[in-house]
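A short worksheet on the structure shown next.
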Amino acid sequence: MARQLRVEYPGAIYHVLNRGDRQEAIFRDDRDRETFLATLEEACGKTAWQVHAFCFMGNHFHLVIETPQGNLVAGMKWLLGTYTGRFNRRHQVVGHLFGGRYKALLVAGSGNGYLKTVCDYVHLNPVRAKLVRPGQPLTAFAWSSWPGYLEPPRRRWPWLRVDRLLGEYGIPRDSAAGRRQLLAALEARRAGEAGADYTGVRRGWCLGDAAFKRELLGRMAERVGAEHYGAERAETAVARAERIVAEELQRLGWQEADLARMAKGDAGKVAAAVRLRAETVLPVKWIAERLHMGAPGYVNLLLYRQRKGI
């Protein structure tokens, strides 16, 4: 069976869901959830993703993310691969952590309530799973973005974007009064959760009106299959990396030829490599070749020493 096409474009919004292999836990405890949260934060820094909602359960996670650069696939590859490596090292296991391909439902961000539907679905997931008992506040479940929505902006993660959801609830300002209004609205939605219809979220490939679906079908018709995105994704990632390299060369007062002339472990090269690792999803092999730093293993050693302050 052919794989479902991944539609990517700047500004696309997705509800992403992935489960553990054979339905096994991807979070064994809160330390694992903290690791995934930190890895997600790194991914946002590398990809410029904006997160509208998230929820970390036992054997699966939900993310509602917006991709200003149209880079869902590259970012998810890095996020899932990096977290799997960290999970396996911590628990001293090997092999796959996630089962199969992640689901990515395209969501219309038109302001017509589709984003609200999917964010509510994510935030109320602990209620449906009976992890929040009747009478408990939704904030009793700590591992979702909902508690962050109720915090003032200065106390939120910088990558959590709340304005779109507030707008779809008709709340004009991210103020204390606005947050109280949002809390009351979701509690009202929670009260009617038993009769909620989430068929559109759980099934299908997109959530939006007919015009949104026609637009997506037009995008899909321009490309035969998912593999046709490979060169475009690589071009986008490399373009960002090349911009960083150019900025670092300017900062150092170097010319392009100086990369080949300077020592493999030069401090300027190491600084550039640190930026490339932090701000792109390109592999160490690409960085090593581009900066003339030798073998990828040597670059990994330099990056490790930099992190540890050695």
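The values are calculated or read from the model by the stated rules, or taken from the named source; none is laboratory data. All values reported here derive from a predicted model rather than from experimental measurement. Note that we place each Cβ from the backbone using ideal geometry, even for glycine, and neighbour counts take in every protein chain shown.
Go through (1) within 19 Å of residue 144 (Cβ to Cβ); (2) in a loop (DSSP other than H, G, I, E, B); (3) at pLDDT below 95 one by one and return the number of the condition residue 204 breaks.
Only one criterion is unmet by residue 204, namely (1).
May I ask you to list the residues in region 245-274 that are surrounded by 16 or more Cβ atoms within 10 Å (Cβ to Cβ) and assigned to a helix (DSSP H, G or I)?
Correct list: 245, 248, 249, 252, 259, 268, 269, 270, 272, 273, 274.
So, in region 154-178, exactly how many residues are without any contact (Cβ under 8 Å) to a residue 40 or more places away in the chain and more than 20 Å from residue 112 (Cα to Cα)?
Within region 154-178, residues that are without any contact (Cβ under 8 Å) to a residue 40 or more places away in the chain and more than 20 Å from residue 112 (Cα to Cα) number 7.
Closer than 30 Å to residue 134 by Cβ, assigned to a helix (DSSP H, G or I) and either at pLDDT 95 or above or in the same structural domain as residue 137 (by TED's automatic domain parsing) (or both): is that true of residue 194 in this structure?
yes
Within region 289-298, does at least one residue satisfy the condition of being touching a Gly at 6+ places or on another chain (Cβ under 9 Å), outside the structural domain of residue 75 (by TED's automatic domain parsing) and among the hydroxyl-bearing types (Ser, Thr, Tyr)?
Among the residues of region 289-298, at least one is touching a Gly at 6+ places or on another chain (Cβ under 9 Å), outside the structural domain of residue 75 (by TED's automatic domain parsing) and among the hydroxyl-bearing types (Ser, Thr, Tyr), which makes the answer yes.
Answer yes or no as to whether residue 132 is assigned by TED's automatic domain parsing to the domain that holds residue 68, in contact with a Leu (Cβ under 7 Å, 6 or more places away or on another chain) and β-branched (Val, Ile, Thr). Break it down into steps so the answer makes sense when it comes.
On the way: assigned by TED's automatic domain parsing to the domain that holds residue 68: yes; in contact with a Leu (Cβ under 7 Å, 6 or more places away or on another chain): yes; β-branched (Val, Ile, Thr): yes.
Taking the combined requirement at face value, the residue satisfies it.
Take the residues of region 275-310 that are in a helix (DSSP H, G or I) and touching a residue at least 60 places away in the same chain (Cβ under 8 Å): which is surrounded by the most Cβ atoms within 10 Å (Cβ to Cβ)?
Filtering first and then ranking leaves 279.
Is it the case that some residue within region 25-41 is charged (D, E, K, R), within 13 Å of the chain's Cα centre (by Cα), at pLDDT 95 or above and not in a strand (DSSP E or B)?
Scanning region 25-41, I find at least one residue that is charged (D, E, K, R), within 13 Å of the chain's Cα centre (by Cα), at pLDDT 95 or above and not in a strand (DSSP E or B), so the answer is yes.
Listed residues 202, 164, 180, 154; which is among the basic types (Lys, Arg) and touching a helix residue (DSSP H, G or I) at 6+ places or on another chain (Cβ under 8 Å)? Walk me through how you get there before you give the answer.
Numbers: 202 fails: touching a helix residue (DSSP H, G or I) at 6+ places or on another chain (Cβ under 8 Å); 180 fails: touching a helix residue (DSSP H, G or I) at 6+ places or on another chain (Cβ under 8 Å); 154 fails: touching a helix residue (DSSP H, G or I) at 6+ places or on another chain (Cβ under 8 Å).
164 is the lone residue from the list that is among the basic types (Lys, Arg) and touching a helix residue (DSSP H, G or I) at 6+ places or on another chain (Cβ under 8 Å).
Just for helices (runs of 4 or more DSSP H) wholly inside region 69-169: which have at least 2 residues that are surrounded by 14 or more Cβ atoms within 10 Å (Cβ to Cβ), under 17 Å from the mean Cα position of the chain (by Cα) and of a type outside the set (Ser, Thr, Tyr)? Give the derivation first.
Working: elements: 72-91, 114-123, 125-128, 146-149, 163-168.
Where helices (runs of 4 or more DSSP H) fall fully within region 69-169 and carry at least 2 residues being surrounded by 14 or more Cβ atoms within 10 Å (Cβ to Cβ), under 17 Å from the mean Cα position of the chain (by Cα) and of a type outside the set (Ser, Thr, Tyr), they are 72-91, 114-123, 146-149.
In the set 33, 19, which member is in contact with a Phe, Trp or Tyr (Cβ under 6 Å, 6 or more places away or on another chain), in contact (Cβ under 8 Å) with a residue 12 or more places away in the chain and of a type in the set (Lys, Arg)?
Going through 33, 19 in turn, just one is in contact with a Phe, Trp or Tyr (Cβ under 6 Å, 6 or more places away or on another chain), in contact (Cβ under 8 Å) with a residue 12 or more places away in the chain and of a type in the set (Lys, Arg): 33.
On the basis of being surrounded by fewer than 21 Cβ atoms within 10 Å (Cβ to Cβ), at pLDDT 95 or above and at negative phi, does residue 44 make the cut? Outline the logic, then answer.
Numbers: surrounded by fewer than 21 Cβ atoms within 10 Å (Cβ to Cβ): yes; at pLDDT 95 or above: yes; at negative phi: yes.
Answer is yes for this residue.
Just to verify a result, which residue in region 11-41, among those that are farther than 26 Å from residue 200 by Cβ and of a type in the set (A, V, I, L, M), is surrounded by the fewest Cβ atoms within 10 Å (Cβ to Cβ)?
In this case the residue turns out to be 38.
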